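Here the structure is laid out as structure tokens; the discussion comes afterwards.
The values are calculated or read from the model by the stated rules, or taken from the named source; none is laboratory data. From a predicted model like this one, the values you see are computed outputs, not experimental measurements. Cβ placement follows ideal geometry from the backbone for every residue including glycine, while neighbour counts extend to all protein chains displayed. For the accessible areas, the whole protein counts, side chains as well, though only heavy atoms, and no ligand, DNA or RNA atoms are used. Shrake-Rupley method; radii C 1.70, N 1.55, O 1.52, S 1.80 Å.
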Amino acid sequence: MYFQRIAITLIAAVMTLVLFVQGRHAGNDSGLAALSAERSGSIVVQVSGDVAHPGIYRICGKKMTIDAIFMAVPLCAASLVPSDDLLSKPLQTGDAVHLMCKARENKALISTTSMKTSQLLTLGLPLDLNTMSQADFELLPGIGPALAYRIVGFRQKNGDTLAFDDLLQVDGIGEKKLKQLYPYFNHSISK
């Protein structure tokens, strides 16, 4: 009995090692995260609130808020009016849509915000340099509290809008650090 347990444990360990080695592909890193928005024509949004299936959705094409809500199956579909300005708002990668059903008024309340920086980082989605807080900058590799403070201060002094290359003007960011930060940001943002 004792030897059977040892044998089973050894077999399980060997099989785990074999599967681990076979699962690794040397040099074939695509650079894409699980839900990165690099597929042309698609966006990644979060839907939460009074929906049957809250979560992160990849939406192909130019979709509106109502399309994302219906993908998540709203619990108050009858009270959604497609002509509502917010429902017909085009979505962008990183948007977070929240639906709240008001039963007494038979009304749906919808809000849109941005996903948290930590979520965007986890999903491999681009960050918006102009909406990040000091704490958000501290989540990035090579940026500590002091540098994050200087970045936010520099942005505030320059009208709260920066292009990515403007980071070179922040004390403590040179070409090397800028190159290190490049993959994390949405580069379509300009002054």
Evaluate the following for Q134: is it over 23 Å from I43 (Cα atoms) and out of contact with any helix residue (DSSP H, G or I) (no Cβ under 6 Å at 6 or more places or on another chain)?
no
Has segment 41-48 got any residue that is in a strand (DSSP E or B) and touching a helix residue (DSSP H, G or I) at 6+ places or on another chain (Cβ under 6 Å)?
yes
Long-range neighbours under 8 Å by Cβ, at least six apart or interchain, first residue open to solvent by 40 Å² or more (accessible area, probe 1.4 Å) within segment 147-162, second among the small types (G, A, S):
R150/G172
Cβ-Cβ distance below 8 Å, separation of 6 or more or different chains: which pairs start in segment 133-145 with a residue that is farther than 13 Å from Y184 by Cβ and open to solvent by less than 60 Å² (accessible area, probe 1.4 Å) and end on one that is part of a helix (DSSP H, G or I) and at pLDDT 95 or above?
S133/V152
With the condition being aliphatic (A, V, I, L, M), I'd like the helices (runs of 4 or more DSSP H) fully within segment 100-181 carrying at least 2 qualifying residues.
117-123, 145-157, 175-181
Hey, among V45, V73, V97, which residue is modelled with pLDDT of 85 or more, crowded, with 17+ Cβ neighbours inside 10 Å and over 24 Å from A163 (Cα atoms)?
V97
Looking only at segment 155-172, decide whether some residue is aliphatic (A, V, I, L, M) and under 30 Å from Y57 (Cα atoms).
yes
Quick one: how many residues across segment 100-121 are within 21 Å of the chain's Cα centre (by Cα), open to solvent by 20 Å² or more (accessible area, probe 1.4 Å) and without any contact (Cβ under 8 Å) to a residue 40 or more places away in the chain?
5
Please verify whether segment 19-34 includes one or more residues that are exposed (fewer than 10 other Cβ atoms within 10 Å of the Cβ), aromatic (F, W, Y) and modelled with pLDDT of 65 or more.
no
